[in-house]
1. In degrees, nearest 10, range 0 to 90: what is the angle between the Cα axis of helix 34-44 and the longest Cα principal axis of the chain?
2. To make sure I understand the rule: partners must be aspartates and glutamates, Cα under 15 Å from the Cα of residue 13, and not fewer than 8 residues away in the same chain. Which ones qualify?
3. Expressed as an acute angle from 0 to 90° and rounded to the nearest 10, what is the orientation of the C-alpha long axis of helix 112-121 relative to the principal long axis of the chain?
4. Would you kindly calculate the translational diffusion coefficient of the range 67-133, applying Stokes-Einstein with the Kirkwood radius from alpha carbon pairs, for 4 °C and a viscosity of 1.567 mPa s, and quote it in µm² s⁻¹ without decimals?
5. Please work out how much length the chain gains when fully extended from residue 176 to residue 142, using 0.36 nm per residue of separation minus the C-alpha to C-alpha distance, in nm with one decimal.
6. Run the count for the range 65-178, please: Lys pairs, Cα-Cα under 14 angstrom, 8 or more apart or on different chains.
7. According to the square roots a ≥ b ≥ c of the eigenvalues of the Cα gyration tensor, what is the shape class of the range 87-178, taking rounded for a/c under 1.5, prolate for a/b larger than b/c otherwise, and oblate for the remainder?
8. If neighbour count is taken as other Cβ atoms inside 10 Å, put 16, 153, 68 in order from fewest to most.
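Nothing in this text is a laboratory measurement; each read-out follows from the coordinates by a stated rule. Source: prediction; values computed, not measured. Here the Cβ positions follow ideal geometry from the backbone for every residue, glycine too, while neighbour counts run over all protein chains shown.
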Amino acid sequence: MDSLGSVVNSLKKGEVVAYPTEGVWGLGCDPSNEEAITKLLNLKGRSESKGLILIGSNLEQFSKFIEVEKYKDKLLEKWPGHHTWLVPSKPETSKFITGNNEKIALRLSSHKHVVELCEEFKGAIISSSANKENDPTLESPDEIKDIFPDIKVLTGELGGHSQPSKIEDLLTGELIRG
């Protein structure tokens with residue numbers, strides 16, 4: 001497995017990386033790099049129309065994607081933690097991130113390795129489960145390296161949750177994934 005510095009350097013170069021999260025191993029990249037997002041989508045075999053989750057270590061990392069102050073109190077009801085909110089995105093947010101949606105999926109993590117990764121990267125990153133589309137989520141760095149041999153895998157442990165995060169619509173309260 002790879003060091004924090006090595007993984008952050010890969011993110012900055014537009015590469016896809018893998019890292020442990022609260023519940024599953026994630027694949028991620030720089031959300032401001034559309035070429036990197038395309039690489040991630042192609043690796044997974046995922047449709048551009050679905051949209052992707054952004055994961056961060058502090059609210060300010062989401063400020064270029066949403067109106068943080070407008071939604072702050074509601075977001076903090078379940079953050080930081082193992083909860084993803086669908087939040088109205090700013091108009092300039094890339095369709096590579098939102099897909100065919102008006103909202104963006106965001107999670108403010110309390111997981112040690114995610115926090116360190118986002119702090120060192122100095123921003124939120126794309127977060128998608130480490131698997132090919134419609135396949136089970138890969139459960140270890142060795143499995144990740146077998147399927148995605150060219151990506152760096154951050155050294156670390158999962159956070160103890162057995163499932164991906166819940167996804168809830170911030171405005172309607174509708175549970176999208178639970």
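1. For helix 34-44, the angle is close to 70 degrees.
2. Answer for residue 13, where 15 Å is the Cα cut-off: 30, 34, 35, 120, 150, listed by chain and number.
3. Result, in degrees: 90.
4. Numbers: Rh = 13.3 Å.
For the chosen part, D equals 98 µm²/s.
5. Numbers: separation 34, 0.36 × 34 = 12.24 nm, distance 3.07 nm.
Using 0.36 nm per residue and subtracting the Cα-Cα distance, I get 9.2 nm.
6. On the way: 70/90; 78/166; 90/103; 95/103; 132/145.
Counting lysine pairs in the range 65-178 gives 5.
7. Working: a/c = 1.63, a/b = 1.52, b/c = 1.07.
Taking the square roots of the gyration eigenvalues as a ≥ b ≥ c, the range 87-178 is prolate.
8. Working: 16 25, 153 22, 68 17.
Sorted ascending by nearby Cβ count, the order is 68, 153, 16.
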